[in-house]
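The structure appears below as structure tokens.
The values are calculated or read from the model by the stated rules, or taken from the named source; none is laboratory data. Worth saying up front: this structure is predicted, and the values here are computed from it rather than measured. Cβ sites come from the backbone with ideal geometry, for glycine too, and all protein chains shown count toward neighbours. To get the accessible areas, we keep the full protein, side chains included, count just its heavy atoms, and leave off ligands, DNA and RNA. Shrake-Rupley method; radii C 1.70, N 1.55, O 1.52, S 1.80 Å.
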Amino acid sequence: MGRTDQRRTDEAAMAVALEEAEAAAAGDPADVPVGAVVVAGGQVVARGRNRVEAEGDPTLHAEVVAIRAALDVVGRRGLQDATLYVTMEPCLQCAGAILLARIPRVVIGCDDPKAGAVTSLYTVLGDSRLNHRCRVTRGVLADPSARLLREFFRSLRRA
């Protein structure tokens, strides 16, 4: 697949992740609007959105929700050829889940300078001391991903 084709594929999958982020924003108003999708075999096999506040569970970040759903569909081995698309850079918890699931590629919308564990604060997914590493593509649909987050935090500050 050429670079242009890969970019189009990445943008299409990230658009689905953005739909999940928007759904998170429309759900519990306290949930940070982050969305994630897992693509395997060229198809979206699972979706996830932050449900931390809605469910009262700090582990229910979009990435973890999507990974758990993907495991139900394709099983653990199926994730070894999958790509995870997420609208905001994963935190330490999610980076750990990505590594343990052996997902080979992660595509990120916008960076998270306060808690990002991929490039911002830590480089967990590329750490050579670990037995699994991921290829990372950053900045896919970064502007709409960041805009959704800015609007969310702006509304929190107003309240």
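Just the residues that are out of contact with any helix residue (DSSP H, G or I) (no Cβ under 6 Å at 6 or more places or on another chain) and either open to solvent by less than 20 Å² (accessible area, probe 1.4 Å) or among the small types (G, A, S) (or both), please, taken from the stretch 71-82.
G75, G78, A82
Could you run through the stretch 112-159 and say how many residues are open to solvent by 60 Å² or more (accessible area, probe 1.4 Å) and farther than 16 Å from M14 by Cβ?
Qualifying residue count, the stretch 112-159: 18.
Against the condition outside any helix (DSSP H, G or I) and open to solvent by 30 Å² or more (accessible area, probe 1.4 Å), how does T87 come out, does it pass?
Taking the combined requirement at face value, the residue does not satisfy it.
I'd like the full set of residues that are part of a loop (DSSP other than H, G, I, E, B), open to solvent by 30 Å² or more (accessible area, probe 1.4 Å) and under 21 Å from A24 (Cβ atoms), limited to the stretch 90-111.
D111
Restrict the check to the stretch 131-154 and report whether at least one residue is assigned to a loop (DSSP other than H, G, I, E, B) and in contact (Cβ under 8 Å) with a residue 60 or more places away in the chain. Before you say what the answer is, go through the steps one by one.
Quick first cut of the stretch 131-154, residues assigned to a loop (DSSP other than H, G, I, E, B) only: 131-134, 138-141.
From the residues that got through so far, the ones that are in contact (Cβ under 8 Å) with a residue 60 or more places away in the chain too are 140-141.
Among the residues of the stretch 131-154, at least one is assigned to a loop (DSSP other than H, G, I, E, B) and in contact (Cβ under 8 Å) with a residue 60 or more places away in the chain, which makes the answer yes.
Hey, V37 hits all of (1) open to solvent by less than 20 Å² (accessible area, probe 1.4 Å); (2) under 11 Å from the mean Cα position of the chain (by Cα); (3) farther than 18 Å from D111 by Cα but one; which does it fall short on?
With (1) open to solvent by less than 20 Å² (accessible area, probe 1.4 Å); (2) under 11 Å from the mean Cα position of the chain (by Cα); (3) farther than 18 Å from D111 by Cα applied to V37, the lone miss is (3).
I need the full set of residues from the stretch 51-63 which are open to solvent by 20 Å² or more (accessible area, probe 1.4 Å) and in contact with a strand residue (DSSP E or B) (Cβ under 9 Å, 6 or more places away or on another chain), in order please.
H61
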